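**Student:** The structure follows.
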């Protein structure tokens, strides 16, 4: 034990004469020197500073977690020494006393020297003391009797240890003070043990806080996903779901927890195997929610979750709503209409009447049939109608019914299930109706559709739902139909090639697009537009069309309409070397020049005669069945009709 009287004499020599005895502990001597430099009055009999009640409350709020963790350990420490004249204090990192507990008489003695809650016992304010000096040195220590720099503390022995957070920063001090004559060698050890326990609790709290924070981050991340997510345990029970999962199923969280997915939904015999053993990716499923009967069409993925040792802990199940999948596919394949009515050129009365009628039709959801010769721009009108409609932000899907083999058209339009036919894609495939859900489906050359397909199309138009080929499940669709044909559908109905009920279903708002020869005044502006367009694309500098060339182009019959005009102008611009497109740059047949020799002409006439003879023989062979005749010749019905018109066989 240290000699209290010799310490007192050493303290008096230092404060009176500035002489530091060699017997004084080096740590204490250095602190006395600092205290003197701070200007601390060594003769003080009470504490120098004390916070107001408001400021003390602010300090306590700032360290609320630290205090709540430390208080149980402070009480445990006090219980070990209760009745012995000791007190336990908890300070913040600045040396401000936050909490004080102890025997009644000890607390009274402490109050007389203002050693109370709110008092500042930092080294720059009170000189050498266990609280302030342990903060200054960042180490546990014990200050005995006259080792205290100020007289007010010299009847005490104080043992203090700094408390560190998990980052190693001082967040406070735990101190035990009592009469100097009752000091014990184990007092400081008890304080250090209590501080170790406090620091462990702080570390545990920090880990818990981080775990909670990560859980919140995970929940926020999962809820921000556009997919429904469920986490299952090893037995397949639901542990966690996100908000979208609940929205998809139309359930509340308490209705799904601790149930298996098999108890929540019926996958209608699709063998999804939701347990941890099940693993599959992008499987299209139709789920029936058992509690509500609601049907959900999803693209499901199930993946196992493995532990650090490779053991299976559970599984992650993701549901993508098929409607969103289709929208994503449409974005990827750029299934959007690009043309508007502003992009369709023409000022003639006939053409403007047609445009006004199309704009009026666009404002409704009625089925539209665009009629007109090949090349009049029916596809442009279909896109413009979509862009003018309320569905402008939804998919625009186009399909040419005459360009797809009859056997494949059904699967293209309505989709198919896995195993529906040889070569069917694994997992099946959505049809154009499903992809166009919410938007517009453009059926070009609808007159080429077989009677079998017409029946299926009529069913979709009537019921607003499709059934995939080879499947049984009914899929609701919301699709606006715009059809197009270069045939006279009424005549096709008379001949038995087109169903009357489908004709009336489609022919709600018929729009007849005039041929180019019916709106000749639109030809010059079209020539100017296409010439400028092809000049830029082909790297030419064609700035004008000669009057002769313009006259030839305006007077032409244009059986291929605008498409043919584009084709002729593209070739002409390619042949033009100067700034003006001349008549000689146009095709010879358009200029009325016979570009063939007599021999070539004879051969050409012979070829035409052979074509006509083959056409007649085929029709006779098929007993007048034009559909079978077209199939026999390997051409479409529209081509057959054009050839019949050409040779006067209609």
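**Student:** Region 471-581: D in µm²/s via Stokes-Einstein (Kirkwood Rh, Cα pairs, 20 °C, 1.002 mPa s)?
**Tutor:** So the translational diffusion coefficient is about 123 µm²/s.
**Student:** Under 8 Å for C-alpha pairs, at least 6 residues apart: give me the relative contact order for region 4-207, rounded to a whole percent.
**Tutor:** 22
**Student:** Another one. Spin-label point model (7 Å from Cα, Cβ direction): what's the residue 635 to residue 211 distance in nm?
**Tutor:** Distance between the two pseudo-spin positions: 8.0 nm.
**Student:** Let me ask another. Give me 52, 159 sorted ascending by neighbouring Cβ count inside 10 Å, so fewest comes first.
**Tutor:** With the sparsest Cβ surroundings first, the list reads 52, 159.
**Student:** Provide 210, 432 in ascending order of the number of other Cβ atoms located within 10 Å of each residue's Cβ, fewest first. Spell out each step's value before the answer.
**Tutor:** On the way: 210 11, 432 22.
Lowest count first: 210, 432.
**Student:** Roughly what would the spin-label model give for residue 61 and residue 192, points 7 Å off Cα along C-beta, in nm?
**Tutor:** Here the modelled spin labels are 3.8 nm apart.
**Student:** Right, next: Roughly how tilted is helix 378-388, in degrees to the nearest 10 and between 0 and 90, from the longest Cα axis of the chain?
**Tutor:** The angle comes out near 30 degrees.
**Student:** Cα atoms only: what Rg and Dmax, in Å, come out for region 71-170?
**Tutor:** 13.0, 39
**Student:** Which order results if 336, 148, 472 are arranged by neighbouring Cβ count within 10 Å, fewest first? Walk me through the numbers on the way to the answer.
**Tutor:** Numbers: 336 17, 148 29, 472 8.
Going from least to most buried by this count: 472, 336, 148.
**Student:** Sticking with this one: Let me check I have the definition right: for region 333-512, take the eigenvalues of the Cα gyration tensor, multiply each by 5, take square roots. What are those semi-axes in whole Å, largest first?
**Tutor:** Rounded to whole Å, the semi-axes are 28, 19, 14.
**Student:** Starting from the 7 Å offset along Cα-to-Cβ, what nm value, one decimal, do you get for the label separation of residue 649 and residue 26?
**Tutor:** Calculated label separation equals 11.9 nm.
**Student:** Separate question: Work out, step by step, the length gained on full extension between residue 347 and residue 360: first 0.36 nm times the residue separation, then minus their alpha carbon distance; give nm to one decimal.
**Tutor:** That pair, residue 347 and residue 360, stretches by 2.9 nm at full extension.
**Student:** Is the C-alpha gyration tensor of region 156-243 telling us rounded, prolate or oblate? Criteria: a/c under 1.5 is rounded; beyond that, a/b larger than b/c is prolate, otherwise oblate.
**Tutor:** Since a/c reaches 1.5 and a/b is larger than b/c, the shape of region 156-243 is classed as prolate.
**Student:** With a cut-off of 8 Å between alpha carbons and a minimum separation of six or more residues, what is the relative contact order of the chain in percent?
**Tutor:** Computed value for the chain: 8 percent relative contact order.
**Student:** Just want to confirm a number: the relative contact order over region 516-585, from Cα pairs under 8 angstrom separated by 6+ residues, in percent.
**Tutor:** Once normalised by length, the contact order is 42 percent.
**Student:** Now for a separate question. Working from Cα positions, state the angle (0 to 90°, nearest 10) between the long axis of helix 637-646 and the longest principal axis of the chain.
**Tutor:** Computed tilt is about 30 degrees.
**Student:** Using only the alpha carbons of region 4-207, what is the convex hull's orientation-averaged projected area in square nanometres?
**Tutor:** Over every viewing direction, the Cα hull of region 4-207 projects on average to 10.7 nm².
**Student:** Then there is this: What is the diffusion coefficient of region 429-497 in µm²/s, taking the Kirkwood radius over Cα pairs and the Stokes-Einstein relation at 10 °C with a viscosity of 1.306 mPa s?
**Tutor:** Stokes-Einstein gives a translational diffusion coefficient of 121 µm²/s.
**Student:** Per 0.36 nm of contour for each residue apart, how much would the distance between residue 642 and residue 203 grow if the chain were fully extended, relative to their Cα-Cα spacing?
**Tutor:** Gain on stretching residue 642 to residue 203: 149.4 nm.
**Student:** I would also like to ask the following. In region 380-408, whose amide N lies under 20 Å from the spot 7 Å out along Cα-to-Cβ of residue 529? List them in ranges.
**Tutor:** Residues 380-389 fall inside that zone.
**Student:** Another question, if that's okay. I'd like to compare 63-72, 437-446, 531-540: which one has the highest average count of other Cβ atoms within 10 Å, and what's the full order after that? Walk me through the numbers before you get to the answer.
**Tutor:** On the way: 63-72: 16.8, 437-446: 23.5, 531-540: 15.0.
Ranking the peptides 63-72, 437-446, 531-540 by packing returns 437-446, 63-72, 531-540.
Every number here is computed from the coordinates shown, using simple stated rules; none is lab data. These numbers were taken from a predicted model, which means no experiment stands behind them. Cβ coordinates were reconstructed from backbone atoms using ideal geometry, including for glycine residues, and neighbour counts include every protein chain displayed.
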